[in-house]
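The values are calculated or read from the model by the stated rules, or taken from the named source; none is laboratory data. It should be emphasised that the depicted structure is a prediction, and the values quoted were computed from it without experimental measurement. Because the Cβ atoms are built from the backbone with ideal geometry, glycine has one as well, and the counts that use them run over all protein chains shown.
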Amino acid sequence: MELTQLADSIYAVTQLGKATVLGWSNSGLVDSGDGLVVDTFWDRPLTDELLGLYAGIRPERPGTLVNTHHNVDHTGGNSAMRGARIIAHANCAAAMQAEAGMHGLFQALADADPATLEPAQAALAEELRPFDHASVELELPTESVVEATELDLGGTVVRLVPMGPAHTDNDMVVHLPEQNVLFTGDLLFNQCTPIGWAGTTQLWMDSLDAMVALEPEVVVPGHGPVCGTDGLLGLRDYFAYVLREARVFFDRGVAVDDACRQIDLGPYGEWEAPERLVFNVQRSYNEFAGDTDATIDAADMMSRAFALKPALKPAR
């Protein structure tokens, strides 16, 4: 973990350079008023370490936690802030409850003998192994947001802005307009291939446009290094490219996975987890067919992504 000061009283903690990709998310701290944390980490030990870093800035535990969306790598450590004010999108609590039973399954898969697993299962188990899934306790938001909301933290303005659905149906960004800092949650994967669980590609692109319009100088993505608006525009360009490429293969009647093997990723092949292309091409195909509410089978998609990895065309 690396703690970085972004502006006066504004900090970020990033988790970069890991041997695996899945789940290594970012967090933020607003050291003003009673203090505010943006997102916890996947499990309790990681979140305790995170809060230890923040304690070096302010010894008092922050009084407010904002979850940018429900995924466990942004909420799994919420119990470390039990008793705090926890604010999230109005759809977040239900989504957290719906996935609460997954943590035991994740731990069982991580603990399994790799020799007993199918290749895709073994690959997912390796991604899950760094996390203490048994330590994840469901700690739900205490307040919900349905429209742009402004908080006053000791004179520091913090805007909570719901967007999407794009990555999930409960996406929300945290904007500090006076400091020109934006915490995007997983509406931005920077230099890392995105995954979308709800909404549409166009809605995600619209959300990226809306974030650019806020004119932030510093952008903290849900995953990847801190950046500027170049990161937002880069992800938008990725989606536009995938839509164009996918359309060609869709019109030819080429199956999703076969299309992914033929798409030239160019510079996007250098992003982390390029095999996640299959998520984005499948989503594009669903949208071309008019099925924007298609259910995403996470296990199936992960398996297909891992199977695709060795077949991807290399980056130019």
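Somewhere in the range 90-113, is a residue assigned to a helix (DSSP H, G or I), at pLDDT 95 or above and in contact with a helix residue (DSSP H, G or I) (Cβ under 9 Å, 6 or more places away or on another chain)? The answer is yes, given that some residue of the range 90-113 is assigned to a helix (DSSP H, G or I), at pLDDT 95 or above and in contact with a helix residue (DSSP H, G or I) (Cβ under 9 Å, 6 or more places away or on another chain). If you go through the range 86-140 and keep only what is within 27 Å of Val173 (Cβ to Cβ) and free of Cβ contacts under 8 Å to residues at least 24 places away in the same chain, you end up with Ala94, Ala98. For the range 267-316, the tally of residues that are part of a helix (DSSP H, G or I) and small (Gly, Ala, Ser) stands at 8. When you scan the range 135-152, do you find a residue that is farther than 16 Å from Tyr238 by Cα, at pLDDT below 95 and among the hydroxyl-bearing types (Ser, Thr, Tyr), even just one? Within the range 135-152, not a single residue is farther than 16 Å from Tyr238 by Cα, at pLDDT below 95 and among the hydroxyl-bearing types (Ser, Thr, Tyr). Hey, can you tell me all the residues within the range 282-306 that are among the hydrophobic types (A, V, I, L, M, F, W, C) and either at pLDDT below 85 or closer than 21 Å to Thr201 by Cα (or both)? Phe288, Ala289, Ala294, Ile296, Ala298, Ala299, Met301, Met302, Ala305, listed by residue number. Here Thr168 meets the list (1) part of a loop (DSSP other than H, G, I, E, B); (2) among the β-branched types (Val, Ile, Thr); (3) surrounded by fewer than 21 Cβ atoms within 10 Å (Cβ to Cβ) almost entirely, failing just condition (3). Taking the condition closer than 26 Å to Pro216 by Cα, modelled with pLDDT of 95 or more, of a type outside the set (Gly, Ala, Ser) and crowded, with 23+ Cβ neighbours inside 10 Å, does Asn71 pass? Yes; evaluated as a whole, the condition is true for this residue. Just to be sure before I move on: is Val254 assigned to a loop (DSSP other than H, G, I, E, B) and farther than 28 Å from Leu16 by Cα in the structure I sent? Yes: the conditions hold for Val254. For the structure I just gave you, tell me whether His69 is in contact with a Cys (Cβ under 8 Å, 6 or more places away or on another chain) and either of a type outside the set (Gly, Ala, Ser) or farther than 24 Å from Pro162 by Cα (or both). Considered against the rule, which asks whether it is in contact with a Cys (Cβ under 8 Å, 6 or more places away or on another chain) and either of a type outside the set (Gly, Ala, Ser) or farther than 24 Å from Pro162 by Cα (or both), His69 comes out as yes. The residues of the range 35-52 that are over 15 Å from Val136 (Cα atoms) and buried (at least 24 other Cβ atoms within 10 Å of the Cβ), listed by number, are Leu36, Val37, Val38.
Taken over the range 265-301, the criterion of being surrounded by fewer than 18 Cβ atoms within 10 Å (Cβ to Cβ), hydrophobic (A, V, I, L, M, F, W, C) and over 24 Å from Gly253 (Cβ atoms) is satisfied by Ala298, Ala299.
Being in contact (Cβ under 8 Å) with a residue 60 or more places away in the chain, touching a helix residue (DSSP H, G or I) at 6+ places or on another chain (Cβ under 9 Å) and not in a helix (DSSP H, G or I) is a condition met by at least one residue of the range 42-61. Taken over the range 115-157, residues that are part of a loop (DSSP other than H, G, I, E, B), under 23 Å from the mean Cα position of the chain (by Cα) and among the acidic types (Asp, Glu) amount to 4. Scanning the range 5-15 for residues that are in contact with a Gly (Cβ under 9 Å, 6 or more places away or on another chain), surrounded by fewer than 22 Cβ atoms within 10 Å (Cβ to Cβ) and part of a helix (DSSP H, G or I) turns up nothing.
For the range 213-233, a tally of residues being in a helix (DSSP H, G or I) and crowded, with 18+ Cβ neighbours inside 10 Å returns 3.
If you check Val212, Val219, Val254 for being more than 27 Å from Thr68 (Cβ to Cβ), of a type in the set (Val, Ile, Thr) and at pLDDT 95 or above, only one passes: Val254. Selection within the range 199-209: residues that are surrounded by fewer than 23 Cβ atoms within 10 Å (Cβ to Cβ) and touching a helix residue (DSSP H, G or I) at 6+ places or on another chain (Cβ under 9 Å). The member of this set that is modelled with the lowest pLDDT is Gly199.
Residues to consider are Val254, Val242, Val248; find the one that is farther than 22 Å from Ala123 by Cβ, of a type in the set (Val, Ile, Thr) and crowded, with 18+ Cβ neighbours inside 10 Å. Testing whether each residue is farther than 22 Å from Ala123 by Cβ, of a type in the set (Val, Ile, Thr) and crowded, with 18+ Cβ neighbours inside 10 Å leaves just Val242.
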